[in-house]
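What follows is a set of notes on a single structure, which appears directly below.
Just so you know, all these numbers are worked out from the coordinates, no wet-lab data involved. Quick caveat, the model's predicted, so the values are computed rather than measured. Methodologically, a virtual Cβ is constructed for each residue, glycine included, from the backbone with ideal geometry; neighbour enumeration extends over all protein chains shown.
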Amino acid sequence: MSNPSTYLREDRKSGLYLGRMSATIRLSRPITVLGMCAAFVLAGSAFRPPVEPAMTVVIDPGHGGKDPGNLGTGRYKTVEKDITLAVAHKTADYIGSRIPGVRVVMTRKGDTYPTLPDRVRIANEAQADLLLSIHCDSFTKKSALGSSTFVMGLDKSEASLRVAAKENASIYEAEDNRGFDPEDPDTFIALALKQEIYLERSLELAALIQSQFRERVGRKDRGVRQAPYYVTAYANMPSVLVELGFLTNPEEEDFLRSEKGQDYMASALFRAFRTYSEHWFSLESAVQTAPDSAAPFTTEPSERRDEQPAEAPDTPAWFSTLRNDCEGPLCFTVQAASSRTGGPLRDRAGHAVPHTRSEKVGGVHKYRTGSSPSYAVACQMRDTLQMNGFPDAFVVAFEEGSRIPLEQAIRKQRN
């Protein structure tokens, strides 16, 4: 009897990638009663009820069908919709073959055109735990390059709104657009508040993706940004929208068109997803061995409670920019990182980061650094931490010691 072989089965009707086992039985001698029993046991194992997936991820290849997306430099027939689909398939293959506990749903499997409301509906009806939307960027200047990841949030910078306008363009042609108007302040704030409960997880995944793009693939890091995208605004789950690179840049277009480039970008998305799923869904035992990504910081628990960690010499100058002067009821602080092992928060050189306290939540130590009554000052500390080895850092708000939604805190500060 041959060994069972694992293969990836593609269900084209449902859009699912499912791992499955198959066995081939070869009989080389007369069947005995014992042999028949063994055959029935093996055959019966193929009809066991399917195991409920530990989590569901929806992968959304941007554009498709009549909507080509951006056309790049115009040198090739390949356009944005083709590249996003190729990278989406490769990402789904990586996840489906390496993490059996995950169900992958794709919003499109070929050159079709699901509307933006269709994509959101697919994700919500699948009761997904995560939505990953894949796109490619463009700009009027061919020198623009780099990768970025967006979440739904309150940043309305010119760059964020430029990309959002491009990706949201098709919504105005859809009948079921829910009155979506990111230019309307009331609509924008309402959608941002709706996504507040998912923002922490979305930001965590976005930071992991950017770290992989930068460290593993060598892409220019354009950072994690917030923008009013339709798909991330109406998804009832953590969600991110990835811009793989600029097709209007000849070098990036060549890279993203190539098999190697698409493999690298899909592998980076998989590694980021793998780390995220291990953190939030305890899938460590199901994940097959793969190269680990570099940790943004190191934590080493002390052997004795009364033993203080040794301070590395030459304390970095940027430590002096971290403030810890909030004495009122409303405070802004920066969640710099998280760790399963605990211990002091250290930078890459081994220095213990000052003004840092940790809180253990659900088996994970969350490190908060600094405090200020000013949101602007907290943002400066966040940017400093991100530039010095803590790419996952983001601002959180507390009132009377209890965490509150960031938008609510910003409104209270302005009043």
How long is the gain from GLU251 to ASP111 if the chain were fully straight, where each residue apart is worth 0.36 nm and the alpha carbon distance is subtracted?
47.9 nm
Neighbour-count order for TYR113, TYR375, TYR234, fewest beta carbons within 10 angstrom listed first:
TYR113, TYR375, TYR234
Packing-based order for 344-354, 364-374, 316-326, using average beta carbon neighbours within 10 Å, highest first:
364-374, 344-354, 316-326
Could you order peptides 66-76, 243-253, 118-128 by the average number of other Cβ atoms within 10 Å of their residues, highest first?
243-253, 118-128, 66-76
Give me the distance in nm between label points sitting 7 Å out from Cα along the Cα-to-Cβ direction at LYS77 and GLU407, one decimal.
4.5
All Cα pairs of the range 317-414, percent lying beyond 16 Å
53
Just grab the label-to-label distance for MET387 and ASP93, each label 7 Å out from Cα along the Cβ direction, in nm (one decimal).
4.1
Which net charge results when you count Lys and Arg as +1 and Asp and Glu as -1 among the other residues whose beta-carbon is under 9 Å from that of ASP111?
+1
So which GluC sites (Glu not before Pro) in the range 333-415 pass both tests, a DSSP loop state and at most 15 other Cβ atoms within 10 Å of the Cβ?
GLU400
Each residue of the range 330-337 in order: what ³J(HN,Hα) in whole Hz does its phi give by Karplus 6.51 cos²θ - 1.76 cosθ + 1.60, θ = phi - 60°, with x for Gly and Pro?
10, 10, 10, 9, 10, 7, 7, 5
What is the order of CYS136, CYS379, fewest Cβ neighbours within 10 Å to most?
CYS379, CYS136
Using the structure shown, select from LYS141/LYS220; LYS81/LYS366; LYS141/LYS260 the pairs with a Cα to Cα distance greater than 28 angstrom.
LYS81/LYS366
Testing the spin-label approximation: label points 7 Å from Cα along Cα→Cβ at THR321 and CYS379. State their distance in nm.
1.5
When the label point is put 7 Å from the Cα of ASN236 along its Cα-to-beta-carbon vector, which residues of the range 100-118 have a backbone N closer than 18 Å?
105, 117-118
Expressed as a whole percent, how much of the Cα-Cα distance distribution for the range 84-134 exceeds 18 Å?
31
Listing SER239, SER402 from the residue with the fewest other Cβ atoms within 10 Å to the one with the most, what is the order?
SER402, SER239
